[in-house]
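The values are calculated or read from the model by the stated rules, or taken from the named source; none is laboratory data. The structure presented is a predicted model; accordingly, all values stated were derived computationally and were not measured. Don't worry about glycine lacking a Cβ; one is built from the backbone with ideal geometry, like all the others, and counts go over all protein chains shown.
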Amino acid sequence: MKVQIDFFKKPTALALAAMALLTTCPPTLAETEDAPRIALAEASDLPLKGLTPPAGGGEASGAPRIAMVEPAGDLDGITRQIMSKEIEFARMTGDYRLHNVPYTAFRKWYTAIVSTAAYSVADAGNIVTFRNGFSYHTHPQDFTVGRSEVGPFLIMIGELLFFGRAFGVMATDVIHNEMIKHKGYDRKTYQGKAIALNADIRALLNKRKAMISTDTAAVQEQAVLQDVADSLTREYIENYARATRIAVSHIGENIVTNYAAATGAFIGGLGVYKTAVHARPKQLSYAGIGFLLQGPGFILKDPIAYFGGRLAESNTTKRLLSENPELQSDPIAQLDADRQKLASLSVSGQVVGSRAKAYDLMSDALKKDQIVQKNENKRLLHRYYHDQFINALEGGAVIGAGAIFCKAGYKFHYTPTNPLNTLFTARLFLKRFAIGALVFTPTASGGIADTPLEAIYDSYRHKKDNEEGVGPQAGMKARMELLDQASSAIK
């Protein structure tokens with residue numbers, strides 16, 4: 001059968017292939033009359049390797065008439081697409097972690113500076129109140145209003161500074177959350193992007209799975225790609241739950257701290273000042289109630305913040321894992337095992353072998369997040385132990401002082417008909433007032449030293465962690481470098 005191909009100036013691969021097909025497989029009458037274009041089109045879409053026709057026509061030499069081979073180019077392309085999406089997912093999670101931190105540097109130093117100022121002023125008020133109380137308790141008739149109000153005024157200012165610190169920290173958290181939301185690193189935006197990327201990766205994995213046959217290397221590479229996808233999904237769940245823990249912890253801390261600050265400032269501190277300025281000892285009992293309410297706030301702040309955050313993190317993790325039941329329990333460990341199997345297939349020099357390095361780099365990048373998270377959890381636990389110990393002492397002292405103030409105000413009785421009795425109760429009142437101020441003094445003095453030292457140590461520890469490669473900045477920087485290398489390895 002003669003085939004006329006006038007539109008080719010020179011013989012091309014397509015023309016030669018068509019001639020070979022028609023020469024090798026002579027068409028029937030139906031094929032010649034009804035479907036010549038269909039036959040030629042179908043032939044052009046098939047792999048043509050091994051179908052070189054001999055000169056003058058006749059039977060084609062080589063392999064079978066139509067060789068069905070694996071579409072290696074398409075498989076390679078979709079594998080690269082999957083890897084690119086997975087690297088993009090890993091980058092996004094790393095950036096998300098860096099923008100969602102338990103405590104910003106500004107928050108830490110603002111808390112340290114304002115708290116130190118509050119402790120200093122309040123402690124000065126306690127010392128002045130203690131000195132005046134003990135100096136004049138034997139002759140209260142000489143204790144003037146102007147002299148008596150200095151110490152309580154400083155106590156009130158210290159409590160107001162503490163309230164300003166609590167409110168300022170809450171405002172700092174709100175501003176930081178708005179900033180990261182504007183940059184696209186809030187939980188809602190991250191979740192939406194993560195779900196979209198995860199869906200794209202899963203769709204590509206299913207498409208690739210349908211393309212591979214029984215080739216051992218391709219099947220094993222599919223397992224590695226699946227492990228990476230599962231690891232990234234689990235990493236997303238853990239980081240989303242971590243951000244939930246941070247948010248809940250901040251909310252709990254801010255609520256309890258503002259409660260403690262408000263009761264201490266507007267009931268306790270203000271009550272102490274009004275007692276002195278109005279010369280009404282009975283009002284001291286109301287101030288004592290304010291400090292009795294404030295004390296439990298100090299004691300409960302850290303457990304509520306820490307364990308409330310942990311509970312929220314655990315519940316969020318369980319919920320998201322229940323929505324992804326197909327995830328492996330430990331995909332990174334499975335990834336290491338599957339990478340070793342892939343390496344044992346001796347595929348060096350092939351397309352799969354050229355990507356093996358990228359899978360190694362991805363595994364290392366995923367482990368960086370785990371290392372940073374483990375170190376962060378350790379630091380937060382140490383911080384909780386420290387803060388709980390200090391605040392429990394302070395809360396206990398506040399409760400003790402509040403109880404003494406309540407008794408001092410309640411036990412004072414002014415009896416105009418019995419001036420000696422009034423003088424006696426006044427002496428007891430000043431003595432108890434001084435003792436209550438004294439109970440405050442050690443914890444306030446300790447706070448003056450502990451608060452800035454804690455911030456300094458935290459900065460030092462943060463620097464050392466980054467030098468050791470386990471801090472957030474150093475860990476995520478190393479992760480991004482590994483992802484850059486993985487991206488280059490698949491090009």
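Brief remarks on what is shown
- The residues listed here are A401, A392, A365; of these, the one that is in contact with a Leu (Cβ under 7 Å, 6 or more places away or on another chain) and among the small types (G, A, S) is A365.
- Checking segment 369-384 against the condition returns a match, with at least one residue being in contact with an Asp or Glu (Cβ under 9 Å, 6 or more places away or on another chain), farther than 30 Å from E88 by Cβ and in a helix (DSSP H, G or I).
- Scanning segment 468-486 for residues that are closer than 13 Å to N375 by Cα and more than 20 Å from the chain's Cα centre (by Cα) turns up just one, E468.
- Residues in segment 143-163 that are of a type in the set (G, A, S) and over 10 Å from G125 (Cβ atoms): G146, S148.
- Residue ID - farthest from C406 (Cα to Cα), chosen from residues in segment 242-296 that are of a type in the set (D, E, K, R) and assigned to a helix (DSSP H, G or I): R242
- With respect to (1) within 17 Å of the chain's Cα centre (by Cα); (2) more than 18 Å from E235 (Cβ to Cβ); (3) charged (D, E, K, R), the lone exception for K207 is condition (1).
- When we screen I390, I448, I490 for residues that are among the β-branched types (V, I, T) and within 29 Å of the chain's Cα centre (by Cα), the only hit is I390.
- Inter-residue pairs, beta-carbon under 7 Å, first in the same structural domain as L160 (by TED's automatic domain parsing) and of a type in the set (A, V, I, L, M) and in segment 247-260, second surrounded by fewer than 22 Cβ atoms within 10 Å (Cβ to Cβ) and in a helix (DSSP H, G or I), 6+ apart: V248/G308; V248/A312; V256/L300; V256/I304
- Selection of segment 99-131 for residues being buried (at least 18 other Cβ atoms within 10 Å of the Cβ), within 26 Å of N375 (Cβ to Cβ) and among the aliphatic types (A, V, I, L, M) yields only A112.
- The numbered conditions (1) among the hydrophobic types (A, V, I, L, M, F, W, C); (2) surrounded by 20 or more Cβ atoms within 10 Å (Cβ to Cβ); (3) within 30 Å of T79 (Cβ to Cβ) are all true for A262 except (3).
- Any hit, segment 153-162, residues being in contact with a Phe, Trp or Tyr (Cβ under 6 Å, 6 or more places away or on another chain) and over 27 Å from E253 (Cβ atoms): yes
- Which numbered condition S329 fails, given (1) under 30 Å from E159 (Cβ atoms); (2) not in a helix (DSSP H, G or I): (1)
- Scanning segment 365-398 for residues that are in contact with a Phe, Trp or Tyr (Cβ under 7 Å, 6 or more places away or on another chain) and of a type in the set (V, I, T) yields a single hit, V398.
- Residue within segment 314-321 that is over 15 Å from L232 (Cβ atoms) and in contact with a helix residue (DSSP H, G or I) (Cβ under 6 Å, 6 or more places away or on another chain) present: yes
- Any hit, segment 163-171, residues being farther than 30 Å from V277 by Cα and crowded, with 16+ Cβ neighbours inside 10 Å: yes
- Within the set Y119, Y96, Y103, the sole residue that is assigned to a helix (DSSP H, G or I) and either more than 13 Å from F440 (Cβ to Cβ) or among the small types (G, A, S) (or both) turns out to be Y96.
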